[in-house]
Amino acid sequence: MRTILGIVVSCLVVSTVSTAQSGPNDARAKEIFKELIEINTTDSVGNVTKAAEAVATRLKAAGFPAADVQVLGPDPRKGNLVARFRGTGARKPLLLLAHLDVVEAKREDWSFDPFTFLEKDGYFYGRGTSDDKAMASHLVANLLRLKREGFTPDRDLILALTADEEGGSFNGVDWLVKNHKDLIDAEFAINEGGGGGMRKGKYLTNDIQASEKVFQDFKLEVTNAGGHSSLPVKDNAIYHLSAALARLAAFDFPVEMNEVTRGYFAQSAVVESDPKVAADMRAVAKSPTDLAAAARLSALLPFYNSLMRTTCVATRLFGGHANNALPQLASANVNCRILPGVVPANVMDKLVEVLADPAIKVSYVDEARPSRPSPLRPDFVQTVESLTKALYPGVVVVPVMSTGATDGLYLRNAEIPTYGVGEPFADLDDVRMHGRDERVGVKQYFEALEFQYRLIKALAGRP
């Protein structure tokens, strides 16, 4: 197999060039970013099709043939953009994936309108800035830049900007795989889920996401005959549920390490400034795992805890039907993020055991969709390492398992290896995606733009 490392080295001859020299691309990317942020693409009232069509207009205006730019999907509000940058065809295509939909954001919960693009104090604010419209704008701007430069890749570059990654009715990548796989079929894909981690401004690791935990919701339900609130009894549906949830809150699933998570902790120890934390990282990376070290890391950072074990947490509560009536129903949603290889049925059995109340019925909400980890291709990893060394000196490249879910699972199950890489560096202690006042650093945004440009060019360069 011909390695692409030689291509990378030639590309990096000019690696000392400042990202500021790509000024026109910076301005274009920011313009696209702003446009996407200010299009509401939530599941409830948003319109992903509008965002996809805005990008399609830009691509066609830049000279992409109309036949190579499509907006398609089964829902009029949830169109997916699929565009093809034609190459020589010497190698199979490279898929560049980002999602356009975002989670809900209420104005009253934010310090400002979440759908107004705001630059303030060195940050870009708005719903979707970190998940996932920064990456979408990077991919679009960089393809436009390559088109303008007359670049001819040795493989087709396929851009897919999709719907329903954050939830909905599977109108996005899942639908494309089932109905139009020919449009997105590729040797491998670049997706979200990776990127840089920093703490107190210090860049630490550049992550390659090669696997992810399995998303599974469970419904907990207690029913009761109820009655008048003036005649309370101990057999109360809300009491049953609340007591069981307290037992769940106190429970931790066992530590289970795999190749990717061991690699993450081993590499992260290299750049960890606290020697005690670094020692614990090395201890959990070994086999057998040091459980005392795992406990300390779990207490230190929720992310570390989630990397090492399956997690289940109550996320929604429902109960009662009147203020003056004993509840006839109490229910909760418990969201589990299951380690790859762990059987969801075993997780359900453990939940039943921990809840320890036969009055509580536990059932699945939809079906879990596990996916196999993507193999860590040496050529791909070496490319990322070379670019990281050039643009982020001292930063270590680490494999990572996402604790959340991405559309990579559909691609992996469709035999398209998928790697999350190249997202802007973000503070490990200030994670705002899906939360209030979501933001991304201005400096980090433009650094990631340049990183993605060089990565795409290296992965699709002609010999």
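For the chain, the antiparallel share of DSSP beta bridges with both residues in that region comes to about 70%.
Computed over the chain, the alpha-carbon pair-distance distribution with 10 angstrom bins reads 4, 19, 28, 26, 14, 6, 2, 0, 0, each value a whole percent.
Across the options Met135, Pro358, Thr289, the greatest Cα extent toward the positive end of the charge dipole of the chain (unit charges at beta carbon of Lys, Arg, Asp, Glu) belongs to Met135. Packing order of peptides 164-176, 337-349, highest average first: 164-176, 337-349 (average count of other Cβ atoms within 10 Å over each peptide's residues). Per-residue ellipticity at 222 nm from helix content only, as computed over the chain with -39500 (n - 2.57) for each DSSP H run of at least four residues, stands at -11000 deg cm²/dmol.
Taking Cα centre as origin and charging only the Cβ of basic (Lys, Arg, +1) and acidic (Asp, Glu, -1) residues, the dipole magnitude of the chain rounds to 940 debye.
Within the set Lys92/Lys133; Lys34/Lys92; Lys78/Lys219; Lys30/Lys120; Lys213/Lys276; Lys50/Lys133, which residue pairs have Cα atoms separated by over 24 Å? Violating the 24 Å Cα-Cα cut-off are Lys92/Lys133; Lys34/Lys92; Lys78/Lys219; Lys213/Lys276. For segment 67-166, averaging the sequence separation of C-alpha pairs within contact (under 8 Å, six or more residues apart) and dividing by the residue count gives a relative contact order of 47 percent. Residues in segment 313-345 near a label at Lys106, defined as backbone nitrogen under 15 Å from the 7 Å Cα→Cβ point? Label zone hits: 316-317.
Contact order normalised by length for segment 214-365, with contacts defined as Cα pairs under 8 Å and 6 or more residues apart; what percent is it? Spell out each step's value before the answer.
Working: 240 pairs, mean separation 65.7, N = 152.
Relative contact order, segment 214-365: 43 percent.
Convex hull volume per residue, computed on the Cα atoms of segment 214-293, equals 158 Å³.
Its convex hull of Cα atoms gives segment 214-365 a direction-averaged projected area, equal to a quarter of the hull surface, of 10.5 nm².
For the chain, the residue among Phe303, Gly461, Phe253 whose Cα projects farthest onto the positive side of the dipole built from Cβ charges is Gly461.
Each value in this text was obtained by applying a stated rule to the coordinates, not by laboratory testing. Predicted model, so just to flag it, every value in this text is computed and none were measured. Positions of Cβ are generated from backbone atoms using ideal geometry, with glycine treated the same way; all protein chains shown enter the neighbour counts.
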